[in-house]
Amino acid sequence: MTMKRFVVIPLLAGAMLAGVAQAGVSSDCKASFRPDVRESPQAVTLQEDGGDIFRFSYGGLEINGERMTLSARGMADAQAYEDGVRELMAEVRAISLEAVDIAVDAVEIAMTTVFGNGASDLSLDLRALRAELEEEIQTTENFSSAEFGDRIDERVNRIVDEAVPKMKGAGMRLALAAVLFGPEYVEKRVEGLDERIEEVVNQRASDLEARAEGLCSVLEQLEALESRLDEELPERYSLRFVRPN
C-alpha cells in the first residue's frame, strides 16, 4: 500500500460519511431532499439542478422573482415550509459536524498507531478542519448547503495533499524498522487497531444513523406542505423538492 493511499483511504471515508450526513436523509427514508438550500435570516431559497428558484420569506413565496398570490392557508403553509427547511438544515449541519468528529477520531487513532508522533501534524490539521466548519456554520450570513459540501471536499483534499509529504519521513522510519526488526514489529504496532477504531466509531455511528433517520418525519411534513402549496401555484410551476427514493 503506498503512502498516499494509506493516508487517503481513511480521510476520504470520513469525507464520505460527512457527505452522507449532509444529504440529510437516512437510506431508510422513503424520500430524499437534495436541492441547494440557501438560508439567510430573511429567507430560505431552494433550487435544484438549475431549475426554478423558490424563495420563502415570512409566509410569502416568490418563484424566479415572481410573487405568488396565496390564500391564508397557503401563507401559513409557506411559513411552515420555511420553518421546516430551516429545522431540517440545522439538524443536517449538526449531523455533518458529528460525522466529521467521528472521522477525525478514527483517523487519529489509525495514524498515531502506525506513525506515532509523525501523525501529529495531520491530527492538528484535522482538528483545524473541524473548527473551521463549525465556525462557518455558526457565522455564515447566507449559508448554502451545496457550497458547504464542496468546501468539505476541498478541505479534505487539501489536507491529504499536505499530509503526504509531511509523513514520508515517518513512513520511511517505519519501513526501516520493519527491515531491522522484522515485519512482526509493524504487525505488533497495528495489532488490535481495528478493534480500537470500532470501539470509538461504532456506537457513535449508530447514534448518528438513528439521528438521521429522525429526519424522515420532517421530510414527510415537507412533502405534505409541498402538495398543498402546489395546488395554489400556476401550472407552469411545480414545488417538488421532496422526491421518493
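List of remarks:
- Those residues of the range 60-108 which are at pLDDT 80 or above and among the polar types (S, T, N, Q), in sequence order: Asn64, Thr69, Ser71, Gln79
- Being at pLDDT 75 or above, more than 21 Å from the chain's Cα centre (by Cα) and not polar (S, T, N, Q) holds for only one residue in Glu213, Glu235, and it is Glu235.
- Residue satisfying all of: in the range 202-245; free of Cβ contacts under 8 Å to residues at least 40 places away in the same chain and hydrophobic (A, V, I, L, M, F, W, C); surrounded by the most Cβ atoms within 10 Å (Cβ to Cβ) among these: Ala224
- Among all residues of the range 180-193, there is none that is within 27 Å of Gln79 (Cβ to Cβ) and either modelled with pLDDT of 70 or more or assigned to a helix (DSSP H, G or I) (or both).
The values are calculated or read from the model by the stated rules, or taken from the named source; none is laboratory data. In this text, all values refer to a predicted model and were calculated from it rather than measured experimentally. Note that each Cβ is placed from the backbone with ideal geometry, even for glycine, and that neighbours are counted across all protein chains shown.
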